[in-house]
Amino acid sequence: GPKEKPEGCTTVFVGNLAFEIDEDTLREAFAECGEIANIRFATDRETGDFKGFGHVQFVDSESTDKAVAIAGQFVAGRAIRVDFAEERKPATPGSGG
């Protein structure tokens with residue numbers, strides 16, 4: 001099952017991605033979960049090769065609940081893994097985005 005959701009989490013980890021995946025395909029897969037703010041694909045720093053995973057950032061925190069719920073659905077022919085992402089935000093209370 002998914003990790004415990006960090007409070008106010010808006011980003012999910014997406015793994016087991018097909019190497020030919022692109023942002024549009026991933027956007028389409030997660031469109032029903034809510035408005036997407038940002039998509040990042042992980043690439044190798046040396047070679048620039050796609051590592052097979054990425055992160056999808058939503059506008060609303062509750063969208064991540066829906067995103068995690070579609071884990072295992074096929075995107076570009078692969079059953080994707082979805083989990084809550086740890087957000088490395090500076091822990092300064094009261095700082096607005």
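The values are calculated or read from the model by the stated rules, or taken from the named source; none is laboratory data. None of these values were measured; they are calculated from a predicted model. Please note: Cβ atoms are built from the backbone with ideal geometry, for glycine as well, and neighbour counts cover all protein chains shown. Just so you know, the surface numbers come from the protein's heavy atoms only, side chains and all, with ligands and any DNA or RNA stripped out. Shrake-Rupley method; radii C 1.70, N 1.55, O 1.52, S 1.80 Å.
What to note about this one:
- Considering only the Cα atoms of region 4-47, their convex hull presents on average a projected area of 4.4 nm².
- Label zone (His55, point 7 Å along Cα-to-C-beta; backbone nitrogen cut-off 20 Å) within region 61-79: 61-71.
- Size of the chain as Cα extents on the principal axes (Å, biggest first): 41, 32, 24
- With protein chains left intact and a 1.4 Å probe, residues in the chain average 64 Å² of accessible area per residue.
- Centre separation in Å (Cα based) which lies between region 9-49 and region 57-88: 9
- Cut-off 14 Å, label 7 Å out along Cα→Cβ of Phe74, residues of region 1-44 by amide N: 18
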